[in-house]
Amino acid sequence: MKITPDSLAAHLTSQLLPAYLISGDEPLIAGEAADAVRERARAAGFSEREVHFIERAADWDDVRASGANLSLFGARRVVEIRMHSGKPGVAGGAALVALLGAKDPDTLYLILAPRLDRDAQSAEWVRTLDGVGAWVQVWPVEAQRLVGWLKSRGRRLGLELTDEALELLAARTEGNLLAAHQELTKLALVAPGVRITPETVLASVADSARYDVFQLGESVLAGDTARALRMLAGLRAEGTEATLVLWALTKSLRDTWSAQSTGGRPPAWQRPAAAAALAQAQRRAPRLSFRDLTRRAARADRMIKGRLAGDAWDEMTLLAGDICAQPAMPRLKLAR
């Protein structure tokens, strides 16, 4: 069965299944889900815990040996399998199918993995787990949901935050739920029982935003100029390679061109927020001059390589604004 992180607590109060898969790239939510399973397992008498880190095919030999090491009088145990990839390979997939099919009542399997792509989701070991256990898929908290997430998390910590304080906290910790949770915890310690205002947040919170080139590309596709420029400034301050940032912007440009030229629908596996951003870009595409945009991207590339005088970051800022159809400066004729 598939369950969400939000429904996991209610599920565990009513039952404990033989196996759980927790997959996703958001470490805070995935870690909390794993902690909830471990706590429920301890309460059910699973007193031992084995942890296997899977980094190469040979590591599955230890997992298989552990599954075969059964004792009539052995303690109940949690066997935790941490995979660095959502694709365990032929040997790993076969090992998981065998272990999950053994149905040992004294062993609970907890499998932790990154986000599974479409091919990995249809693998036999995932289908086997879905039949005997539960799969908790962890998705990132999108920017538009972050304020609500902070409000709910703050309420759990006994905090009352004003709307302005929540928006400020979201802006300063965007893309980093671990930092956001740490700041909320700190606020609960330094200002217990006090209504949290923007002034309180400014006095307590460090700028912990983890700007991400993929989120930058998504913001540009959506036409969110203010957020895109804020991310660009954050990436520059963090010392991110300009080449990587230009890649994200040119990918957004290619995706916009492809969307307006083919008129195709986004793939079914694409996240709703990403699909919505691409739809926004498709509607905006007829107003864009792709020749000028391509020239500006090429200028930024030459600046990065030292072949043209100028600041590549300034050029990329102009490029981001132009793709969003809100140019930061009046449109000028660009040199080739």
*Tell me, yes or no, whether the stretch 13-29 has at least one residue that is within 18 Å of Ala134 (Cβ to Cβ), part of a helix (DSSP H, G or I) and without any contact (Cβ under 8 Å) to a residue 40 or more places away in the chain.*
yes
*Considering only residues of the stretch 1-12 that are among the aliphatic types (A, V, I, L, M) and part of a helix (DSSP H, G or I), which is nearest to Pro105 (Cα to Cα)?*
Leu12
*For the stretch 78-86, does any single residue satisfy the condition of being in contact with a strand residue (DSSP E or B) (Cβ under 9 Å, 6 or more places away or on another chain), surrounded by fewer than 16 Cβ atoms within 10 Å (Cβ to Cβ) and either in a strand (DSSP E or B) or aromatic (Phe, Trp, Tyr) (or both)?*
yes
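To keep it simple, each residue is scored yes or no on (1) over 25 Å from the mean Cα position of the chain (by Cα); (2) hydrophobic (A, V, I, L, M, F, W, C).
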| residue | (1), (2) |
| --- | --- |
| Ala91 | yes, yes |
| Ala98 | yes, yes |
| Gly101 | yes, no |
| Asp106 | yes, no |
| Tyr109 | no, no |
| Ala113 | no, yes |
| Arg127 | no, no |
| Gly133 | no, no |
*Which numbered condition trips up Val97, out of (1) touching a strand residue (DSSP E or B) at 6+ places or on another chain (Cβ under 9 Å); (2) closer than 23 Å to Gly131 by Cβ; (3) of a type in the set (Val, Ile, Thr)?*
(1)
*Looking at the stretch 87-140, which of the residues that are within 22 Å of Glu26 (Cβ to Cβ) and aromatic (Phe, Trp, Tyr) is surrounded by the fewest Cβ atoms within 10 Å (Cβ to Cβ)?*
Trp139
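Matching residues to (1) of a type in the set (Val, Ile, Thr); (2) more than 30 Å from Leu100 (Cβ to Cβ); (3) touching a Ser or Thr at 6+ places or on another chain (Cβ under 9 Å):
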residue: Trp135; (1), (2), (3): no, no, yes
residue: Arg156; (1), (2), (3): no, yes, no
residue: Glu164; (1), (2), (3): no, yes, yes
residue: Arg172; (1), (2), (3): no, yes, yes
residue: Ala203; (1), (2), (3): no, yes, no
*Single match in Leu100, Leu108, Leu116, Leu96 (criterion: part of a loop (DSSP other than H, G, I, E, B) and out of contact with any Asp or Glu (no Cβ under 7 Å at 6 or more places or on another chain))*: Leu116
*Would you call Asp62 touching a His at 6+ places or on another chain (Cβ under 9 Å) and surrounded by fewer than 18 Cβ atoms within 10 Å (Cβ to Cβ)?*
yes
_Among (1) charged (D, E, K, R); (2) buried (at least 16 other Cβ atoms within 10 Å of the Cβ); (3) closer than 17 Å to Glu80 by Cβ; (4) at pLDDT below 95, the one test that Arg38 misses_ = (4)
*Complete set of residues in the stretch 215-244 that are surrounded by fewer than 22 Cβ atoms within 10 Å (Cβ to Cβ), closer than 25 Å to Lys305 by Cα and either touching a strand residue (DSSP E or B) at 6+ places or on another chain (Cβ under 7 Å) or of a type in the set (Gly, Ala, Ser) (or both)*: Ala233, Gly234, Ala237, Gly239, Ala242
*Name the residue, out of Arg336, Arg291, Arg307, that is at pLDDT below 95 and part of a helix (DSSP H, G or I).*
Arg291
*Residue selected from the stretch 129-160 under the condition small (Gly, Ala, Ser) and not in a helix (DSSP H, G or I), by the criterion modelled with the lowest pLDDT*: Gly158
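The values are calculated or read from the model by the stated rules, or taken from the named source; none is laboratory data. Just so you know, these numbers come straight off a predicted model, no measurement behind them. Note that we place each Cβ from the backbone using ideal geometry, even for glycine, and neighbour counts take in every protein chain shown.
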